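S.K.: Submitted below is the structure of interest, expressed as structure tokens.
The values are calculated or read from the model by the stated rules, or taken from the named source; none is laboratory data. It should be emphasised that the depicted structure is a prediction, and the values quoted were computed from it without experimental measurement. All Cβ positions, even for glycine, are placed from backbone atoms using ideal geometry, and neighbour counts span all protein chains on display.
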Amino acid sequence: FEDLHWIDSETQLLLDSLVESLPTARLLLLVNYRPEYRHDWGSRTCYAQLRIDPLPREDAGELLRALVGEDASLEPLGRLLIDRTEGNPFFLEECLRTLVETRVLVGERGAYRLAKPLPGIQVPATVEAVLAARIDRLSPEDKRLLQCAAVIGKDVPFPLLATIAEMPDEGLRRGLARLQAGEFLYETTLFPEPEYTFKHALTHEVVYRGLLHERRKGLHARVVEGIERLVGERVAEHAESLARHAVRAEVWDKGVDYLREAAMGAWARGAVQESLERSEQALEALVRLPATPENVRRAVDVRWTLYWPLFALGQMSRLAHVLREADQLAREIADRGRLGHISVMIGVGSMMNGRYPVALAAGREALDIATALGDRELAARSTYLMAVSHLALGDFRSAIDGLSRLVDGPDADRARRAAGMFGSLYEATCCWLALCWAERGEFARASAYAERAIQAVDAADVPQAQAFAYNFRAIVFMLKGEFAQALPWIERAVRLCETKGLLALLWMTSITHGWILAWSGRCAEALQVLDRGITFQEGTERKFFVPLTYAAAAEAFLLGGRPEEARRAADRALELALETGERPREALALHVLGEIAAAERPPDDRAAAAFLERAGALAAELDMRPLLALCRLNLARVRRRTGGREQAEEDLRVARAMFAEMDMRFWLEQTEAERAGGAA
């Protein structure tokens, strides 16, 4: 990796992940960077830094002799240059080029001689001054060409330079040849089109800074027009570059549009922080535009784009503020379509905060608008919002009806094209349907929808969608008791979250990972992973499905031999479930509290039975058959200890029949072992 001082956030995450893996890998990683770059690797035993200092006098002298030759008359000049440049190789080379261009030195490389007396030689105090003087000595045509190249950037594609330089092709090529001979530029590629780059980043900076403000603006505007002409309909692929040039050209409407496009592109790549930064820059650019209806629509759309990274980073308070602003702006211009989409977003924000009745009301309002306008995408988003809210509340029938419309019904095609928080609506809907059916013990259906999600997200190759789908695939296996099959999927999900910086999913996938590790018998690893997941979770402002993760963490803590932490997590799960109305999570939290009470020394069988009976009653009401079967199994264990053997046998009979019907083999074996132990 070169020039880390210019690294983007996505590449930085990849590099950090690579550094994490170095202690266990047979790999040598080389990087270079300027002193202003900051990292956290300095304390690692596998890290060694080689500082590139100025050359010692002896080495600097050797470099000079290689460049100018061995003529004894040059020795005083060499001492002067080494003193002035302090051994900086680039400074030395630029000073020599200046002396050659000004005819102080004559001859050829390696065999120069002094043509003017030493006392009359002026050596600039800085390398920037040397470069500026060399640039000023260029012909007007070559200087303008170099300035055009500097505005394009450090890397200069020939077709774009030809578009903005406004020179005949032959003259352009001759000018480039002269700039290469002067070592301002050099050619990096020939095919399919030539591309050039500046010899040194400092050369680029000096040329760019030398441009007057209005000239610089005009050239950036021409670069925008040039890229648009060259790429045609593929502008989205070049949004980052277009946005940068439009902003520097102060063409604010295009700047806003391209920044928004760049933000959406970054989001699709999984670069969440970069998506946030581009959206914020678009907001800043918006204030430069007059308050016309078109620009108000832009302001709404930028806030819509800002929604995704704010959600992903858990900044729910800021998100609510942004949505209120968007709602007010849309009302100013009476844009019902945008109001409908904002209503969905406000509903999703309410859902994330565990306010499911508010989310359902927002979904109904948006659906009414969609119906009136014939907006099928808005209708699909409204249906999705309401279905997932129903799922959280335990209304599985309504959830399945709504979600099925988006996967198997009339809105499936629209759902495939509608982007969501974690991929398309179709992909996310498959995941939620998988969970619905798994909670009800229909594991064949659950697996089918989970596999459809996997196929779709892998084809789309969007990191957020892949991590989300892999997490749900693991949960389906986990709920069935197939821990070995669950583990590879959750490991893939966690790895994606780490390498792509998907903080919105990292807490969830970490806790799922810990839960599965604990049931796989790897308790030490599980506890370490859980600690991280809980820390991430407590740093967010969400409540949506958080009771599930706390209940899962509680069960894993219990398996790992940390009963006090298990109780705290289970209490928190129950508290949040009651607060938000997530009845399925209430049932799960009660079940885990029953397990905890039964595991005390001595067991608190009265409390355990009370918790398990409440959990079983609620699971039966919600038709959560796997959880109901687990409640019957654990109640049997408690009742055997308290003398209720007849009821315990009935519990075991029911649990065995349910596990067999649902093909939950691990739990069926546990039940058989319990029956055999009781018989003995």
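S.K.: Go through region 148-166 and count every residue that is touching a Phe, Trp or Tyr at 6+ places or on another chain (Cβ under 8 Å) and touching a residue at least 40 places away in the same chain (Cβ under 8 Å).
M.R.: Summing the residues that are touching a Phe, Trp or Tyr at 6+ places or on another chain (Cβ under 8 Å) and touching a residue at least 40 places away in the same chain (Cβ under 8 Å) in region 148-166 gives 6.
S.K.: Identify, from the list Ala380, Ala370, the residue that is buried (at least 23 other Cβ atoms within 10 Å of the Cβ), of a type outside the set (Asp, Glu) and more than 18 Å from Ala428 (Cβ to Cβ).
M.R.: Ala370
S.K.: So, one more: For region 234-273, name all the residues that are buried (at least 22 other Cβ atoms within 10 Å of the Cβ) and either over 21 Å from Leu219 (Cβ atoms) or of a type outside the set (A, V, I, L, M, F, W, C) (or both).
M.R.: Passing the criteria: His245, Gly255, Tyr258, Arg260, Ala263, Ala266, Trp267, Gly270, Ala271, Val272.
S.K.: Hey, can you tell me all the residues within region 506-530 that are within 15 Å of Ile475 (Cβ to Cβ) and at pLDDT 90 or above?
M.R.: Correct list: Thr509, Ser510, Thr512, His513, Gly514, Trp515, Ile516, Leu517, Ala518, Trp519, Ser520.
So that you can scan it fast, the table gives a plain yes or no per residue for (1) outside any loop (DSSP other than H, G, I, E, B); (2) in contact with a Ser or Thr (Cβ under 9 Å, 6 or more places away or on another chain); (3) of a type outside the set (Asp, Glu); (4) surrounded by 19 or more Cβ atoms within 10 Å (Cβ to Cβ):
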{"position": "Ala133", "(1), (2), (3), (4)": "yes, yes, yes, no"}
{"position": "Lys143", "(1), (2), (3), (4)": "yes, no, yes, no"}
{"position": "Ala150", "(1), (2), (3), (4)": "yes, yes, yes, yes"}
{"position": "Val156", "(1), (2), (3), (4)": "yes, yes, yes, yes"}
{"position": "Pro159", "(1), (2), (3), (4)": "yes, no, yes, no"}
{"position": "Ile164", "(1), (2), (3), (4)": "yes, no, yes, yes"}
{"position": "Met167", "(1), (2), (3), (4)": "no, no, yes, no"}
{"position": "Arg173", "(1), (2), (3), (4)": "yes, no, yes, no"}
{"position": "Leu176", "(1), (2), (3), (4)": "yes, no, yes, yes"}
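S.K.: May I ask you to list the residues in region 567-595 that are within 31 Å of the chain's Cα centre (by Cα), aliphatic (A, V, I, L, M) and closer than 24 Å to Ala524 by Cβ?
M.R.: Residues satisfying the conditions are Ala569, Ala570, Ala573.
Listed here are the residues, each with its yes/no results for (1) outside the structural domain of Leu588 (by TED's automatic domain parsing); (2) at pLDDT 95 or above; (3) under 21 Å from Met508 (Cβ atoms).
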{"residue": "Ser389", "(1), (2), (3)": "yes, yes, yes"}
{"residue": "Arg417", "(1), (2), (3)": "yes, no, no"}
{"residue": "Gly423", "(1), (2), (3)": "yes, no, yes"}
{"residue": "Pro463", "(1), (2), (3)": "yes, no, yes"}
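S.K.: Also: Which of the residues spanning region 299-325 are modelled with pLDDT of 85 or more and out of contact with any helix residue (DSSP H, G or I) (no Cβ under 7 Å at 6 or more places or on another chain)?
M.R.: Of everything in region 299-325, those that are modelled with pLDDT of 85 or more and out of contact with any helix residue (DSSP H, G or I) (no Cβ under 7 Å at 6 or more places or on another chain) turn out to be His321, Arg324.
Yes/no per residue for (1) outside the structural domain of Arg318 (by TED's automatic domain parsing); (2) free of Cβ contacts under 8 Å to residues at least 24 places away in the same chain; (3) touching a His at 6+ places or on another chain (Cβ under 9 Å); (4) crowded, with 20+ Cβ neighbours inside 10 Å:
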| site | (1), (2), (3), (4) |
| --- | --- |
| Gln528 | yes, yes, no, no |
| Ala553 | yes, no, no, yes |
| Gly561 | yes, no, no, no |
| Arg568 | yes, yes, no, no |
| Leu578 | yes, yes, no, no |
| Gly581 | yes, no, no, no |
| Val592 | yes, no, no, yes |
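S.K.: Only one residue in Leu161, Leu145, Leu138 is in contact with a Gly (Cβ under 8 Å, 6 or more places away or on another chain), closer than 24 Å to Leu242 by Cα and at pLDDT 90 or above. Which one?
M.R.: Leu145
S.K.: From (1) more than 20 Å from Phe544 (Cα to Cα); (2) surrounded by 24 or more Cβ atoms within 10 Å (Cβ to Cβ), pick out the condition that doesn't hold for Asp327.
M.R.: (2) is the only condition that Asp327 fails.
S.K.: In region 606-625, which residues are within 16 Å of Met658 (Cα to Cα) and crowded, with 22+ Cβ neighbours inside 10 Å?
M.R.: Those that are within 16 Å of Met658 (Cα to Cα) and crowded, with 22+ Cβ neighbours inside 10 Å: Gly616, Ala619, Met624.
S.K.: Select from region 482-502 the residues that are surrounded by fewer than 22 Cβ atoms within 10 Å (Cβ to Cβ) and at pLDDT 95 or above and list them in ascending order.
M.R.: Glu482, Phe483, Ala484, Gln485, Leu487, Pro488, Glu491, Arg492
S.K.: Looking at (1) surrounded by 20 or more Cβ atoms within 10 Å (Cβ to Cβ); (2) touching a Pro at 6+ places or on another chain (Cβ under 9 Å); (3) without any contact (Cβ under 8 Å) to a residue 60 or more places away in the chain, can you tell me which one Met664 breaks?
M.R.: That leaves (3) as the condition not met.
S.K.: Just to be sure I understand, how many residues within region 362-409 are farther than 21 Å from Ala434 by Cβ and either in contact with a strand residue (DSSP E or B) (Cβ under 9 Å, 6 or more places away or on another chain) or outside any helix (DSSP H, G or I) (or both)?
M.R.: Count: 2.
S.K.: How many residues are of a type in the set (Lys, Arg) and surrounded by fewer than 15 Cβ atoms within 10 Å (Cβ to Cβ) if we restrict to region 80-116?
M.R.: Of the residues in that region, 4 qualify.
S.K.: Shifting gears a bit: Could you check, for region 195-209, whether at least one of its residues is in the same structural domain as Glu166 (by TED's automatic domain parsing), surrounded by fewer than 21 Cβ atoms within 10 Å (Cβ to Cβ), closer than 17 Å to Thr163 by Cβ and touching a residue at least 40 places away in the same chain (Cβ under 8 Å)?
M.R.: Yes, region 195-209 has at least one match.
S.K.: Considering each of Arg445, Arg473, Arg440 in turn, give the residue that is closer than 25 Å to Asp411 by Cα and touching an Asp or Glu at 6+ places or on another chain (Cβ under 6 Å).
M.R.: Details: Arg445 fails: touching an Asp or Glu at 6+ places or on another chain (Cβ under 6 Å); Arg473 fails: touching an Asp or Glu at 6+ places or on another chain (Cβ under 6 Å).
Checking each option against the conditions leaves just Arg440.
S.K.: In addition: Looking at Gly265 and the list (1) within 14 Å of the chain's Cα centre (by Cα); (2) closer than 24 Å to Gln537 by Cα, which single condition is not satisfied?
M.R.: Checking Gly265 against (1) within 14 Å of the chain's Cα centre (by Cα); (2) closer than 24 Å to Gln537 by Cα, the one that fails is (2).
S.K.: Is it the case that some residue within region 326-346 is among the polar types (S, T, N, Q), part of a helix (DSSP H, G or I) and more than 22 Å from Leu360 (Cα to Cα)?
M.R.: No: zero hits.
S.K.: Got a sec? Which of Leu219, Leu185 is modelled with pLDDT of 95 or more and in contact with a Leu (Cβ under 8 Å, 6 or more places away or on another chain)?
M.R.: When all the criteria are applied, what remains is Leu219.
S.K.: Give region 130-147 a look and list any residue that's basic (Lys, Arg) and touching a residue at least 40 places away in the same chain (Cβ under 8 Å), or say none.
M.R.: Hit for region 130-147 is Arg134, nothing else.
S.K.: Return the residues of region 2-36 that are closer than 22 Å to Ala201 by Cβ and at pLDDT below 75; say none if nothing qualifies.
M.R.: Taking region 2-36 as the starting set, the residues that turn out to be closer than 22 Å to Ala201 by Cβ are 2-12, 15, 30-36.
Of everything in region 2-36, those that are closer than 22 Å to Ala201 by Cβ and at pLDDT below 75 turn out to be Asp3, His5, Trp6, Ile7, Asp8, Ser9, Glu10, Thr11, Gln12, Arg34, Pro35, Glu36.
S.K.: Can you find, within region 60-74, the residue that is nearest to Leu105 (Cα to Cα) among those that are surrounded by 13 or more Cβ atoms within 10 Å (Cβ to Cβ) and charged (D, E, K, R)? So that I can check it myself, show each step before the final result.
M.R.: First, pick out the residues of region 60-74 that are surrounded by 13 or more Cβ atoms within 10 Å (Cβ to Cβ): 60-61, 63-65, 67-69, 71, 74.
Narrowing the set further to residues that are charged (D, E, K, R) leaves 65, 71.
On the way: Arg65: 14, Asp71: 12 Å.
Out of the qualifying residues, it is Asp71.
S.K.: Would you tally the residues in region 63-97 being polar (S, T, N, Q) and either touching a strand residue (DSSP E or B) at 6+ places or on another chain (Cβ under 8 Å) or in a helix (DSSP H, G or I) (or both)?
M.R.: 2
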